[in-house]
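Q: A single structure is presented below for examination.
The values are calculated or read from the model by the stated rules, or taken from the named source; none is laboratory data. It should be emphasised that the depicted structure is a prediction, and the values quoted were computed from it without experimental measurement. Heads up, the Cβs are rebuilt from the backbone with ideal geometry, glycines too, and the neighbour counts pull from every protein chain shown. Surface areas here come from the heavy atoms of the whole protein model, side chains and all, with no ligands, DNA or RNA. Shrake-Rupley method; radii C 1.70, N 1.55, O 1.52, S 1.80 Å.
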Amino acid sequence: MDLLDEKVLRVFEEVVVEKSLARLDVVSRLPRFIAEYLISKYYRRDPVGWVDTVAKIVREYYPDPREKDRVLSRAKRDGRITLIDEYKVVVDLKRNRYYLHIPNLQIYDALVSDAVVERYERILSGLWGIGVLEYRPEIVRAFSSRGKDKIPFTPLILVDFEPFQVYNIDLGSFIDGRSCFTTDEWIDLLIKSIGLNPQVYSVRQKLLLLFRLVPLVEANVNLMELGPRATGKTYLYRNISYYTRIYAGGTISAATLFYHARLRVLGDIGTKDVVVFDEIAKVRFTNPDEMVAKLKDYMVDGHFERGLLKRAHSDCSLVFVGNVELEMGGVLGSILDYLPSFMRDTALVDRVHGLLPGWELPKIQRSELHLAKGYGFAADYLSEILHRLRSHSFEALVSEIFEFIGDYTIRDEKAVRKLLSGFMKLLYPHGEFDRSELERIARLAVELRQYIADMLSDMAPHEFPRKVLEVRVHG
């Protein structure tokens, strides 16, 4: 254990975990934030026998989706089952009933105890945990006796629930704990917390990695990242936060993204902190004209409307991730060659706040070299911290400290302010910093926006002439 690990344990003992344990086969099928929740819970109870305990829990409670019929047969035979899943409850006012979604069993019309919903209200937007489901055929018989021909539910009812997602975190303790670390120590702790080994990255590469977290910690940030495969672009969003939705290529509709008019249900932009468009070159829209127009409107100020839904607002951030091929010195060909047709729209690109140069990050190839060892924040804890920090804004502080120099448009200035606000929340949540340290993050935030300005100039040189953006930190 090195000196940083000792300090991390001393300051944050209850909310950190030995990161290498989460790579064991016993939890390899689980999202990282669930794996680390189970490890932190059972490792502290039994440092010797925890592996067997967790292995049993995963084997019994987290079946492969292909085993759906076996699980349902067990429910029918035993009268109850216990499952790990991301449970979600929807409200049907017409029938005065809650319906439960159980994704692992592909069931979307089970029932849930009112007491569970009242105790864990966030299950209405989706909540990972261990649920106890009882098989209640008598409900079906009672319903049938009233002369109903069609049973509008599956007779499984969630009667007990233990959430994996941290509820009672103290944001103040996190902020106070930051004061115990130097900036470089804090950066290394965050890098470990996202599962990577800080020793194999340069200072600049560490900062680029942490910029990936800005959409998670800052509301309504739109970020693009282009880089080679195997640099961890999508892995971070899938495993570090349960407030994300990832579209890995494929076809996307306005109903799933914004609002489903027939079901009157908000789409992912209305319910998540971050929506990630992965492998953007393969993303397709069911109605491209409608989708691009709605995306452009939404990316301005977070408002959207569709059908009967008028002027809804969300603080969801958007992330566009794509793969590129490399040659000596950088990206092979033009960046524009790697964008889908819907993103070759200057109005849409201008609404992206920054382009993260993922081509500068090394591939993650050897676990013993590139992945984290030692103690970092447990992923479920970090996820909740990032979520709660979204309600704080550092934009007033950014306006006070930084001066923007050059031919900034309103969108340029807004973009850099939001990138800096998010990054300062990550590095300086306690609001204390050495202004000399701000130079490097300010230059990097402006550089991310400069890439966007350069792309716009390449796409429409007459409308977007070349310019250089700079920033100055007030002494």
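Q: Return the aspartates and glutamates within reach of Lys467: Cα separation strictly under 15 angstrom, same-chain partners fewer than 8 residues apart disregarded; answer none if there are no such residues.
A: Reachable aspartates and glutamates: Asp350, Asp407, Asp412, Glu413, Glu447, Asp454, Asp458.
Q: Another question, then. Please label the shape of segment 356-475 as rounded, prolate or oblate, based on the square roots a ≥ b ≥ c of the eigenvalues of the alpha-carbon gyration tensor (a/c under 1.5 means rounded; beyond that, a/b larger than b/c means prolate, else oblate). Please list the in-between numbers first.
A: Values: a/c = 2.15, a/b = 1.36, b/c = 1.58.
Here segment 356-475 falls in the oblate category.
Q: Hey, another quick one. Which sequence of Ser383, Ser334 reflects their accessible areas, 1.4 Å probe, from the largest down?
A: Ranked list, largest accessible area first: Ser334, Ser383.
Q: Quick one: of the DSSP bridges fully inside the chain, what percent are antiparallel, nearest 5? Working shown, then result.
A: Details: 37 of 61 bridges.
Of all bridge pairs located within the chain, approximately 60 percent are antiparallel.
Q: Quick one: Cα centre-to-centre distance for segment 302-375 and segment 63-121, in angstrom?
A: Computed from Cα coordinates, the inter-centre distance equals 35 Å.
Q: Next up: Averaged over all directions, how much area does the convex hull of the C-alpha atoms of segment 1-158 cover when projected, in nm²?
A: Values: hull surface 46.8 nm².
Approximately 11.7 nm², given one-decimal rounding.
Q: To continue, here is another question. How about segment 261-323: which chymotrypsin sites (Phe, Trp or Tyr not before Pro) there lie in a loop by DSSP and see at most 12 other Cβ atoms within 10 Å? Before the final figure, lay out the partial values.
A: Details: sites: Phe277, Phe285, Tyr298, Phe304, Phe320; in loops: none.
Listed in order of number, the matching sites amount to none.
Q: Helix-derived [θ] at 222 nm for the chain: sum -39500 (n - 2.57) over DSSP H runs of at least 4, divide by residue count, nearest 500? Write out the running numbers ahead of the final one.
A: Working: 20 runs with 190 residues, N = 475.
Estimated from H runs of four or more residues: -11500 deg cm²/dmol.
Q: Run through segment 314-368 and list the trypsin sites (Lys or Arg not before Pro) located in a DSSP loop whose Cβ has at most 13 other Cβ atoms within 10 Å. The partial results should precede the final answer.
A: Values: sites: Arg344, Arg351, Lys363, Arg366; in loops: Arg344, Arg351, Lys363, Arg366.
Of the trypsin sites (Lys or Arg not before Pro), the ones in loops of segment 314-368 whose Cβ has at most 13 other Cβ atoms within 10 Å are Arg344, Lys363, Arg366.
Q: Right, something else. Below 8 Å, C-alpha to C-alpha, sequence gap of six or more: please give me the relative contact order for the chain in percent.
A: Dividing the mean separation by the residue count of the chain yields 18 percent.
Q: Give me the one-decimal Kirkwood hydrodynamic radius in Å for the chain, with the sum taken over alpha-carbon pairs.
A: Details: mean 1/r = 0.0415 Å⁻¹.
By the Kirkwood definition, the hydrodynamic radius is 24.1 Å.
Q: Using only protein heavy atoms and a 1.4 Å probe, report how much of Lys282 is accessible, in Å² to the nearest 10.
A: We get 130 Å² for Lys282.
Q: Which sequence of His430, His370, His474 reflects their accessible areas, 1.4 Å probe, from the largest down? Please list the in-between numbers first.
A: Working: His430 40, His370 20, His474 70 Å².
Result of the area sort, largest leading: His474, His430, His370.
Q: Shifting gears a bit: Ignoring everything but the protein chains, give the 1.4 Å probe accessible area of Phe394 in square angstrom, nearest 10.
A: 30 Å²
Q: Pick out, in residue order, every one of the trypsin sites (Lys or Arg not before Pro) in segment 16-115 that is DSSP loop and has at most 16 other C-beta atoms within 10 Å; say none if there are none.
A: Values: sites: Lys19, Arg23, Arg29, Arg32, Lys41, Arg44, Arg45, Lys56, Arg59, Arg66, Lys68, Arg70, Arg74, Lys76, Arg77, Arg80, Lys88, Lys94, Arg95, Arg97; in loops: Arg29, Lys94, Arg95.
Here the sparse-neighbourhood loop sites are Arg29, Lys94, Arg95.
Q: So which lysines pass the test for Lys56, namely a Cα distance under 18 Å, with those fewer than 8 places away in the same chain ruled out?
A: Qualifying lysines at Cα under 18 Å: Lys41.
Q: Sticking with this structure for a sec: Report, by chain and number, residues whose modeled amide H sits under 5 Å from the one on Leu371, excluding near sequence neighbours (fewer than 5 apart, same chain).
A: For Leu371, whose amide H was placed from the backbone, the distant partners under 5 Å are Asn197.
Q: Leaving ligands and nucleic acids out of the surface, order Leu339, Leu21 by accessible area at 1.4 Å, largest first.
A: Values: Leu339 5, Leu21 30 Å².
Order by accessible area, largest first: Leu21, Leu339.
Q: Here is a follow-up. In whole Hz and in residue order, list the ³J(HN,Hα) couplings for segment 16-27 that follow from phi through the Karplus curve 6.51 cos²θ - 1.76 cosθ + 1.60, θ = phi - 60°; x for Gly and Pro.
A: Ordered by residue, 3J(HN,Hα) equals 10, 9, 6, 5, 5, 5, 6, 8, 5, 4, 4, 10 Hz.
Q: Taking the Cα atoms of segment 93-249 alone, what are Rg (to one decimal) and Dmax (as a whole number) in Å?
A: According to the Cα coordinates of segment 93-249, Rg and Dmax are 22.1, 70 Å.
Q: For segment 56-62, what does the Karplus curve 6.51 cos²θ - 1.76 cosθ + 1.60, with θ = phi - 60°, yield as ³J(HN,Hα) per residue in whole Hz, taken in order and with x for Gly and Pro?
A: Per-residue couplings from phi come out as 5, 4, 5, 5, 8, 10, 10 Hz.
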